[in-house]
């Protein structure tokens, strides 16, 4: 739609807004196409028997949108012949992936071997790569990543470096794929090289890559743990998004001193930025004993009220006995069984608080060690003196 649009992100608000605002469009298209249409947010595809019918529907659609202060985006509106639509939408490829996904799900649920299915998917993928890179080609590529995440097949690793550089729309799928496979040296190098590239202007991709790095389970004695810290130091000054990523990495993999060092050397970037100062404030539990009071003074001097509110809320949380709801919050993880970094940082603050009964803190630590699977988190929790 011309001039207006909705963010294509995995939030409920834009989806709800699209459905509420465009439900009349659905009714119109359902009637005119006999149900032969698909709408994703504000992107619409429909099929009819001839070009005349297509033009008629587009005119009616544009007139309906005008009553809502919208217009069709003519630059993105296309009328395709059946052959062009076949090349554009790749229905055979999508049909194959749908059938294969259902088959893989059934075999996995039954505890059966999927080696043959993996080989078939690989062979089909090689043929897919030879198709013209037009239309829904990237969306089909995403489905191969989704299916290979499900089968835990590593064959797509080979294509990841080039895709990260040249296909921004595939990055989120790559990160989910690597999240499902888990960390190894090659995958870490792929993400590290992407993070160090100074020509990536996609902040969302940088944040997603950093989240992948902090979600991965890394052995405490692994060389990769040290390389995570080295990466954090090397990228801190590239951009605000890289600085936040550096802070996340050091909050998990670095020492308190290493985190303080980065915050000191980059203070010129964050102390006058409300957004960046909030990120720094959120890490205070990690560095409270070292420099917490100094950073609080910087927030006050530069007028960073949001950062000061975060510190106030953290102080309030650790200055009183924990409620049942707060304990449930600390113990709850995520649907992927990752323990969120943000929650871990708050947990450090609570376990080290002298205002919370030691027996409560000891029990919470014992329960967390059973609940949390990440050895980096467990090691840090065990170091806290209660």
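If you check 311, 328 for being in a helix (DSSP H, G or I), more than 20 Å from residue 271 (Cβ to Cβ) and either under 31 Å from the mean Cα position of the chain (by Cα) or in contact (Cβ under 8 Å) with a residue 60 or more places away in the chain (or both), only one passes: 328.
Do we have any residue at all in segment 114-127 that's outside any helix (DSSP H, G or I), within 29 Å of residue 184 (Cβ to Cβ) and not assigned by TED's automatic domain parsing to the domain that holds residue 44? Don't jump to the end; show me each part of the working.
Step one: of segment 114-127, the residues outside any helix (DSSP H, G or I) are 114.
Checking the rest, the ones that are also within 29 Å of residue 184 (Cβ to Cβ) come to 114.
Those still in the list that are not assigned by TED's automatic domain parsing to the domain that holds residue 44 too: 114.
Yes.
For segment 192-208, a residue qualifies if it is closer than 16 Å to residue 166 by Cβ and part of a helix (DSSP H, G or I), and the qualifying residues are 193, 194, 205.
Based on what the data block shows, is residue 108 in contact (Cβ under 8 Å) with a residue 12 or more places away in the chain, out of contact with any helix residue (DSSP H, G or I) (no Cβ under 6 Å at 6 or more places or on another chain) and part of a loop (DSSP other than H, G, I, E, B)?
Details: in contact (Cβ under 8 Å) with a residue 12 or more places away in the chain: yes; out of contact with any helix residue (DSSP H, G or I) (no Cβ under 6 Å at 6 or more places or on another chain): yes; part of a loop (DSSP other than H, G, I, E, B): no.
It is false that residue 108 is in contact (Cβ under 8 Å) with a residue 12 or more places away in the chain, out of contact with any helix residue (DSSP H, G or I) (no Cβ under 6 Å at 6 or more places or on another chain) and part of a loop (DSSP other than H, G, I, E, B).
One residue stands out among those in segment 225-283 that are within 24 Å of residue 317 (Cβ to Cβ) and in contact (Cβ under 8 Å) with a residue 60 or more places away in the chain: the one that is surrounded by the fewest Cβ atoms within 10 Å (Cβ to Cβ), which is 282.
Residue-level check: of (1) in contact (Cβ under 8 Å) with a residue 24 or more places away in the chain; (2) under 17 Å from residue 288 (Cβ atoms); (3) under 22 Å from the mean Cα position of the chain (by Cα), residue 343 misses just (1). For segment 152-164, residues that are surrounded by fewer than 20 Cβ atoms within 10 Å (Cβ to Cβ) and over 21 Å from residue 130 (Cβ atoms) total 2.
Looking at the structure I just gave you, is residue 350 in contact with a helix residue (DSSP H, G or I) (Cβ under 8 Å, 6 or more places away or on another chain), assigned to a helix (DSSP H, G or I) and crowded, with 17+ Cβ neighbours inside 10 Å? So residue 350 passes the test. Residue under question is residue 375, and the condition is that it be out of contact with any helix residue (DSSP H, G or I) (no Cβ under 9 Å at 6 or more places or on another chain), closer than 26 Å to residue 208 by Cα and touching a residue at least 12 places away in the same chain (Cβ under 8 Å); does it hold? Yes.
The values are calculated or read from the model by the stated rules, or taken from the named source; none is laboratory data. None of the values given here were measured: they were computed from a predicted structure. We place every Cβ from the backbone using ideal geometry, glycine too, and count neighbours over all the protein chains shown.
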